[in-house]
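Worksheet for the structure shown next.
Nothing in this text is a laboratory measurement; each read-out follows from the coordinates by a stated rule. Computed from a predicted structure; not experimentally measured. Positions of Cβ are generated from backbone atoms using ideal geometry, with glycine treated the same way; all protein chains shown enter the neighbour counts.
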Amino acid sequence: MEKTFVMVKPDGVQRNLIGQITNRFEKKGFQLVGAKLMVISTELAETHYAEHKEKAFFGELVEFITSGPVFAMVWEGDNVVNTSRNLIGKTNPSEASPGTIRGDFGVIVDKNIIHGSDSLESAEREINLFFKQDELISYEKQESAWIY
Ligand code: DAT
Ligand code: MG
């Protein structure tokens with residue numbers, strides 16, 4: 001089954017949105033297979049966001065993502081990478097549609113509440129960056145029969 005990496009950023013944690021965000025993924029029908037509250041090191045932040053290291057906002061991005069606890073998760077489901085990006089909404093909350101997480105909870109791009117992997121390759125890379133294999137749990141849910 002496909003997996004993706006999703007993370008409530010420090011602003012989302014401070015604004016008490018962990019519950020509402022996980023609730024949206026659960027209600028959608030995706031399954032949580034790993035989660036932890038953690039503070040990201042500068043090194044991990046720079047590796048995670050390496051594709052943006054030449055951007056003007058890179059320094060601020062690393063500072064922001066390391067500024068407080070994040071809630072890191074791995075979600076599983078059919079087409080979960082793409083669908084999660086749709087649940088999350090566009091990068092800039094001012095352009096994100098109402099009904100999406102960023103559209104409903106965010107205002108500016110610097111503080112856009114949540115991260116989600118943008119491709120299968122990113123998902124694999126990011127899951128391995130944040131989680132050890134034994135931190136991911138494979139289990140059956142009865143309700144899967146009513147989702148698939
Ligand atoms: P996404 O998080 O939607 O994958 P991205 O990979 O383009 O977006 O950028 C990573 C993060 O960097 C994004 O969630 C917020 C921040 N960011 C992007 N563009 C920015 C900008 N123009 N100014 C400040 N921060 C920005
Ligand atoms: Mg991205």
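Please state which one of Lys55, Lys132 is basic (Lys, Arg), without any contact (Cβ under 8 Å) to a residue 24 or more places away in the chain and more than 15 Å from ligand 2 (Cβ to nearest atom).
Lys132
Residue under question is Ile21, and the condition is that it be in contact (Cβ under 8 Å) with a residue 24 or more places away in the chain, part of a loop (DSSP other than H, G, I, E, B) and buried (at least 18 other Cβ atoms within 10 Å of the Cβ); does it hold?
It is false that Ile21 is in contact (Cβ under 8 Å) with a residue 24 or more places away in the chain, part of a loop (DSSP other than H, G, I, E, B) and buried (at least 18 other Cβ atoms within 10 Å of the Cβ).
Which of the residues spanning the stretch 76-92 are in contact (Cβ under 8 Å) with a residue 40 or more places away in the chain and surrounded by fewer than 16 Cβ atoms within 10 Å (Cβ to Cβ)?
Of everything in the stretch 76-92, those that are in contact (Cβ under 8 Å) with a residue 40 or more places away in the chain and surrounded by fewer than 16 Cβ atoms within 10 Å (Cβ to Cβ) turn out to be Asp78, Asn79.
If a residue has to be among the small types (Gly, Ala, Ser) and surrounded by fewer than 16 Cβ atoms within 10 Å (Cβ to Cβ) to count, how many in the stretch 93-118 make the cut?
3
Provide a single number: the residues in the stretch 25-39 that are touching a residue at least 12 places away in the same chain (Cβ under 8 Å) and out of contact with any helix residue (DSSP H, G or I) (no Cβ under 6 Å at 6 or more places or on another chain).
Qualifying residue count for the region: 10.
Could you say which residue among Ser122, Ser138, Ser144 is near ligand 1 (Cβ under 10 Å from one of its atoms), of a type outside the set (A, V, I, L, M) and within 21 Å of Lys3 (Cα to Cα)?
Ser122
Would you be able to say whether some residue in the stretch 64-84 is within 23 Å of Gln31 (Cβ to Cβ), within 13 Å of ligand 2 (Cβ to nearest atom) and of a type outside the set (Lys, Arg)?
yes
Can you tell me which residues in the stretch 62-75 are touching a helix residue (DSSP H, G or I) at 6+ places or on another chain (Cβ under 8 Å) and surrounded by fewer than 19 Cβ atoms within 10 Å (Cβ to Cβ)?
Within the stretch 62-75, Phe64, Thr66, Ser67, Gly68, Pro69 meet the criteria.
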